[in-house]
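Report on one structure; see the data block that follows.
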Amino acid sequence: MSTTPASSSPLYFDDASTPWTELGDGIRRKIVGHTPELMSVLVQFDQGAVGTVHAHDAHDQIAFCLSGAFECDVGGVRRVIRVGDAFVAPRLTPHGVRALEPNSSLLDQFSPRREDYL
């Protein structure tokens with residue numbers, strides 16, 4: 001069963017009542033929901049904000065572009081993604097982004113969930 005902070009029911013995500021967690025440097029996130037095996041996270045970026053290249057030891061990640069545009073580097077391959085595009089970063093694959101437009105956002109999916117986000 002998924003759980004969501006700031007929601008009256010663990011089965012639903014209520015965007016209006018879920019506050020953003022400020023990460024600094026123009027990036028913020030909201031956890032949409034999670035189970036032990038899966039987590040969805042909204043991540044919003046100010047224009048020019050950078051998600052530094054990094055890799056996950058234990059998590060696969062898919063990032064789906066909901067708004068704006070991002071310059072992405074996944075496994076050393078650079079590409080611009082826009083609304084409706086996504087990238088896949090299997091565990092141990094270096095990846096990072098730079099927001100090209102104001103209010104650019106991603107829906108990040110992690111498997112298994114990111115315990116460090118809870």
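Any read-out appearing in this document is the output of simple, stated calculations on the displayed coordinates, not a laboratory observation. All values derive from a computational prediction rather than experimental measurement. Positions of Cβ are generated from backbone atoms using ideal geometry, with glycine treated the same way; all protein chains shown enter the neighbour counts.
Here are the numbers for this structure:
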quantity: Single unsatisfied condition, ARG78 versus (1) exposed (fewer than 13 other Cβ atoms within 10 Å of the Cβ); (2) touching a strand residue (DSSP E or B) at 6+ places or on another chain (Cβ under 6 Å); calculated: (2)
quantity: Contacts under 6 angstrom Cβ, first residue in the range 19-31 being more than 11 Å from GLY51 (Cα to Cα), partner β-branched (Val, Ile, Thr), 6 or more apart; calculated: ARG29/THR21; ARG29/VAL41; ARG29/VAL43; LYS30/THR18; ILE31/VAL41
quantity: Enumerated strands (runs of 3 or more DSSP E) restricted to the range 22-80, each holding at least 2 residues that are under 11 Å from GLN109 (Cβ atoms) and not small (Gly, Ala, Ser); calculated: 27-35, 38-45, 60-67
quantity: One residue from ALA63, ALA89, ALA58, ALA49 being more than 13 Å from the chain's Cα centre (by Cα) and surrounded by 17 or more Cβ atoms within 10 Å (Cβ to Cβ); calculated: ALA49
quantity: Count of residues meeting criterion [without any contact (Cβ under 8 Å) to a residue 24 or more places away in the chain and of a type in the set (S, T, N, Q)] in the range 66-118; calculated: 0
quantity: Subset of the range 5-62 (residues that are of a type in the set (A, V, I, L, M) and under 17 Å from LEU118 (Cβ atoms)); calculated: ALA6, LEU23, ILE31, VAL32, LEU38, MET39, VAL41, LEU42, VAL43, ALA58
